[in-house]
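Coordinate-derived values only; no laboratory data. The structure presented is a predicted model; accordingly, all values stated were derived computationally and were not measured.
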């Protein structure tokens, strides 16, 4: 089986997030904390090329270790930032008009444009509450999983949903059959 891959745009957005949040000095410290192969990928990634998902997950893990004291749940901000950078310009104007559930369901259909393995499934479990699970992929690391959950929050925020939350309550990295998220908004 081929190694799972992710599009370089995720690496670009992550590097931007670190620079915007911790500045050039923080980014330099972050790069020093990475193995050499990952360091090179984050310095000049190509948005449309495919990169190792495990390497991307490791880079998110290192971010959590360096800036969040190893609290992987805080890497959701990487996903929020990634989504906000992805939905810009004219898209942002259109997305503002969408219903949150519609946007999440559309995001599930677009998954394969950004990650070449697995599928996202969405089920409504209540008014303004969805269960989302990721099938067919071995989680490379819980830090990556939390960043995926953050992208759901970012999608909800993009269409002006209030109190957007994503709880990552089951993780393949911890032995679950699928990564699962409980997503809600008001």
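What residue among 75, 21, 117 has the largest mean-square fluctuation in a Gaussian network model of the chain, using Cα springs under 10 Å? Of the options given, 21 has the highest mean-square fluctuation. If you take the Cα atoms of the chain, find Rg, then find the Kirkwood Rh from the mean of 1/r over all pairs, what is Rg/Rh? Rg/Rh: 0.95. Counting only alpha carbon atoms, the long axis of helix 53-67 and the longest principal axis of the chain meet at about 80°.
Share of pairwise Cα-Cα distances greater than 21 Å in the stretch 1-93 is 28 percent (whole percent).
Reducing the stretch 15-42 and the stretch 61-116 to their Cα centroids gives an inter-centroid distance of 20 Å. The value of relative contact order for the stretch 1-143, using C-alpha pairs under 8 Å at least six residues apart, is 28 percent. For the chain, the 222 nm mean residue ellipticity estimated from helices alone, with every DSSP H stretch of n ≥ 4 adding -39500 (n - 2.57) and the total spread over all residues, rounds to -16500 deg cm²/dmol. For the stretch 15-63, the spread of Cα positions along the three principal axes, ordered from largest to smallest, is 27, 20, 15 Å. For the stretch 43-144, the convex hull drawn through the C-alpha positions has a volume of 130 cubic angstrom per residue. Computed over the Cα atoms of the stretch 102-186, the ratio of the radius of gyration to the Kirkwood radius (Rg/Rh) comes to 0.94.
The angle separating the long axis of helix 76-86 from the principal Cα axis of greatest extent in the chain is about 80 degrees.
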